[in-house]
Amino acid sequence: MKDIEKLKSTNECSGCHLEGADLSEMNLNGVILNDANLRGADLSHAYLFQAILTHTNLSGADLTGIDLSSSDLRKADLRETDLIGADLSEADLSEVDLRWADLRWVDLRWADLYKANLSETDLSHANLSGADLSEADLSGANLRKADLSRVDLTGANLAGANLTDANLTGANLTDVIWEENELAIPLSLLGSREKFKI
């Protein structure tokens with residue numbers, strides 16, 4: 001309770017304990033929450049434009065429809081978060097842990113996801129156009145109908161990822177790690193639904 005009051009009055013609460021807090025629909029634009037614990041918190045439809053949340057624990061949080069555009073989330077823990085319809089465009093998500101997160105319909109245009117762990121995430125219908133996913137772990141991720149146009153996937157791990165109907169137009173696939181089995185290559189990449197052995 002004390003930490004919530006500090007957050008509301010100062011818009012800064014680094015290292016605070018806000019586990020399970022109800023911060024839904026709050027205007028927290030520019031908030032500073034470095035190293036804070038927001039595990040299981042409700043931040044649905046909240047506004048955190050240009051927020052600073054480096055090393056913050058957001059695991060299991062409800063981030064449905066949140067605005068985190070242009071925010072700094074480097075090395076944050078976002079495991080098992082619900083981010084359906086969230087705006088993370090131009091956010092710095094380098095080295096974040098997003099394993100098992102629900103990222104359907106999320107806006108990740110021009111986001112920095114360098115070395116991010118997106119293993120087993122649901123990114124179906126997500127817009128990642130222009131994002132940096134170099135050396136990211138997308139193993140087992142669902143990228144069905146995702147927009148990956150102009151994405152940098154240099155050295156990314158796509159083993160077991162579902163790329164059905166994904167748009168990879170202009171994507172950089174240098175040194176991408178594929179598994180050695182049959183893959184359905186997206187229509188946008190080959191121009192036809194061919195299958196091939198990598």
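At-a-glance table
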{"quantity": "Cut-off 14 Å between beta-carbons: net charge of the residues surrounding D35, Lys and Arg +1, Asp and Glu -1", "calculated": "-2"}
{"quantity": "For T54, T121, T174, T169, order by how many other beta-carbon atoms lie within 10 Å, fewest first", "calculated": "T174, T169, T54, T121"}
{"quantity": "Charge tally in the Cβ shell below 13 Å around D67, where Lys, Arg are +1 and Asp, Glu are -1, D67 excluded", "calculated": "-4"}
{"quantity": "Partner aspartates and glutamates for K145 [C-alpha distance under 12 Å; skip if fewer than 8 residues away on the same chain]", "calculated": "D122, D165"}
{"quantity": "I177/H55 FRET efficiency (R0 41 Å; Cβ-Cβ; nearest 0.05)", "calculated": "0.90"}
{"quantity": "Global geometry of the chain, whether rounded, prolate or oblate, following the gyration tensor of its Cα atoms and the 1.5 cut on a/c", "calculated": "prolate"}
{"quantity": "Exposure proxy order (Cβ contacts within 10 Å, fewest to most) of V176, V96", "calculated": "V176, V96"}
{"quantity": "Relative contact order (%) - criterion: Cα under 8 Å, at least six apart; region: the stretch 77-123", "calculated": "42"}
{"quantity": "Alpha-carbon centroids, the stretch 165-179 and the stretch 59-105: separation in whole Å", "calculated": "22"}
{"quantity": "Local electrostatic count, E12, Cβ distance below 13 Å [Lys/Arg +1, Asp/Glu -1]", "calculated": "-1"}
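Any read-out appearing in this document is the output of simple, stated calculations on the displayed coordinates, not a laboratory observation. What you see is a predicted model, and the numbers here were worked out from it, not measured in a lab. As a convention, Cβ positions derive from the backbone with ideal geometry for all residues, glycine included, and neighbour counts pool all protein chains shown.
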